[in-house]
Amino acid sequence: MSTIKRILVTGGAGFLGSHLCERLVERGHDVICLDNFFTSQKSNVAALLDRPNFELVRHDITLPIFLEVDEIYNLACPAAPGHYQYNPIKTLKTSVVGAINVLGMAKRCRAKVLQASTSEVYGDPEVHPQPESYRGAVNALGPRACYDEGKRAAETLFMDYHRMNRVNIRVVRIFNTYGPRMHPFDGRVVSNFIRQALAGDDLTLFGDGSQTRSFCYRDDLIDGVIRMMDGPDEFIGPVNLGNPDAVSMLDLAKMILDLTDSKSKIVQLPLPPDDPARRQPDITLACEKLGWEPTVLLRDGLQKTIAWFRSIDPKHYRPPTPNY
Ligand code: NAD
Ligand code: UDP
């Protein structure tokens, strides 16, 4: 039997999706990248366009689509708070209706389907670090709910299609991930601080900067995602994928100033509502079941990311398109 698979990556032109497409194309698979370019641009996959085993489809995953595939990685969803709060109703539809559409396709094609879920399903957690068994503390009514609750509902749909229809699923809960090709205006902390430091602008620290996050370099993350898809059918997840090394936002700001040799100042702005105070993955399950753990240190990953930000012209990147 051929080991070459027909693989659909929804959200395939995005930050993580484009790297995933690259890795799958390199392995010789027949890759379809589906995207509506809400938070991305074709330049992310430009280098793949003349590869015979790569195809780009402009499509919105909230609308049905018929394709014949063996595997689906469902990544389509705005991921940065500024992007997902831009049109919260659309964000919720993308997670929920998008999940129904990819699960329907997987059921029809008997394809394996992986959901890119998130640490946001834990909300503002009271348990540290967060194991998969923790049920989370999400505010269903707040500004982050369109994303958090959409991803939670998508996990529910994946489990129900699996139980009812025997769809072969995988669920990964991705923690904060960074690296080259992050959208420079996505408002995430790593992209904001690097862009600001390189431009000599003030670094916008929200709150007193004592809140922590654990940042995973994109290569480590993509490695974990592919391992999960290729792993045994008995292990469907959810599984946490992230780097357990936590850092405060103040220390991150100082580290980026140091690495960019920037004279920018750090200024404090109000903390956004429902901003989680701490977030750190417990990756015991990923280590045990997938033999996976991150290898890239934050300083090294930031250096690569900074080098990429130096190489681009932010003028070529636009904020999300209205009317989506
Ligand atoms: P991204 O915004 O760069 O990528 C998302 C992609 O989905 C973009 O190309 C966007 O245009 C596309 N998209 C959005 N709505 C769509 C729709 N309705 N139809 C088709 N395409 C659509 O973000 P990313 O960081 O690459 O995130 C990818 C996935 O991983 C998302 O599902 C996100 O929730 C998840 N995730 C990412 C992180 C992280 O830190 N990067 C953390 C947790 C979860
Ligand atoms: N943050 C910040 N300055 C910024 C952007 C974000 O201090 O310019 C903080 C934000 O309040 C949060 C953390 O950095 O505590 C991570 O934010 P991000 O939007 O990257 O991701 P989140 O984990 O909140 O989804």
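One quarter of the surface of the convex hull around the alpha-carbon atoms of the range 169-324 equals 10.6 nm², the direction-averaged projected area. Over all distinct Cα-Cα pairs of the range 1-73, the Kirkwood formula returns a hydrodynamic radius of 12.1 Å. Calculated from the alpha-carbon coordinates, the range 149-232 shows an Rg and a Dmax of 17.5, 55 Å respectively.
Contact order, relative form, for the chain: 18 percent (alpha carbon pairs under 8 Å, 6 or more residues apart, mean separation divided by residue count). R0 = 45 Å: FRET efficiency of Asp201 with Leu297, Cβ-based, nearest 0.05? After rounding to 0.05, the efficiency reads 0.95.
Over the range 59-156, one equal point on each Cα, no solvent: what is log10 I(q)/I(0) by the Debye formula at q = 0.12, 0.14, 0.21 Å⁻¹? Results for the range 59-156 at q = 0.12, 0.14, 0.21 Å⁻¹ read -0.41, -0.54, -1.03. This ranking places Val57, Val113 by how few other beta-carbon atoms lie within 10 Å of each, fewest first, which gives Val57, Val113. Distance from the alpha carbon centroid of the range 1-58 to that of the range 71-86 works out to 16 angstrom.
Each residue of the range 194-272 gets 111 Å³ once the volume of the Cα convex hull is shared out per residue. Among the trypsin sites (Lys or Arg not before Pro) within the range 242-299, those in coil by DSSP and having at most 14 neighbouring Cβ atoms inside 10 Å are Lys263, Lys265.
As a proxy for reagent exposure, ranking Leu114, Leu141, Leu157 by other Cβ atoms within 10 Å from fewest up yields Leu141, Leu157, Leu114.
Put simply, when 26-32, 307-313, 218-224 are sorted by average Cβ atoms within 10 angstrom per residue, most first, you get 218-224, 26-32, 307-313. Taken along the Cα-to-beta-carbon direction at a fixed 7 Å, the label points for Ile89 and Val247 span 4.0 nm. By the rule of a C-alpha distance below 17 Å, with chain neighbours fewer than 8 residues away ignored, the lysines paired with Lys263 are Lys254. Peptides 185-191, 125-131 ranked from most to least packed give 185-191, 125-131, packing being the mean of other C-beta atoms within 10 angstrom over each peptide's residues. Within the chain, helices built from complete DSSP H runs that reach 30 Å or longer along their own axis (Cα positions) and carry a mean Kyte-Doolittle hydropathy of 0.5 or higher are 88-109.
Listed from fewest to most Cβ neighbours within 10 Å, the set Met255, Met164, Met182 follows the order Met164, Met255, Met182.
Pairwise Cα distances in the chain exceed 35 Å in 15 percent of cases. Normalised by the number of residues in the range 133-283, the mean separation of alpha-carbon contacts (under 8 Å, six or more apart) gives a relative contact order of 32 percent. Put the Cα centre of the range 129-200 next to the Cα centre of the range 229-288 and the gap is 12 Å.
Spin-label model, Lys289 to Lys304: label points 7 Å out along the Cα-to-beta-carbon direction sit 2.6 nm apart.
Taking 0.36 nm per residue of separation and subtracting the current Cα-Cα distance, fully stretching the chain between Ala137 and Asp258 would add 40.0 nm.
Taking Cα centre as origin and charging only the Cβ of basic (Lys, Arg, +1) and acidic (Asp, Glu, -1) residues, the dipole magnitude of the chain rounds to 640 debye.
If the segment from Asp275 to Ile65 were pulled out straight at 0.36 nm per residue, it would be longer than the present Cα-Cα gap by 72.0 nm.
Restricting attention to the range 57-108, which chymotrypsin sites (Phe, Trp or Tyr not before Pro) occupy a DSSP loop and are surrounded by at most 11 other Cβ atoms within 10 Å? Listed in order of number, the matching sites are Phe66.
Taken together, the values in this text are just the output of simple stated rules run on the coordinates, not laboratory data. Since this is a predicted model, take the numbers as computed values, not measurements. Cβ coordinates were reconstructed from backbone atoms using ideal geometry, including for glycine residues, and neighbour counts include every protein chain displayed.
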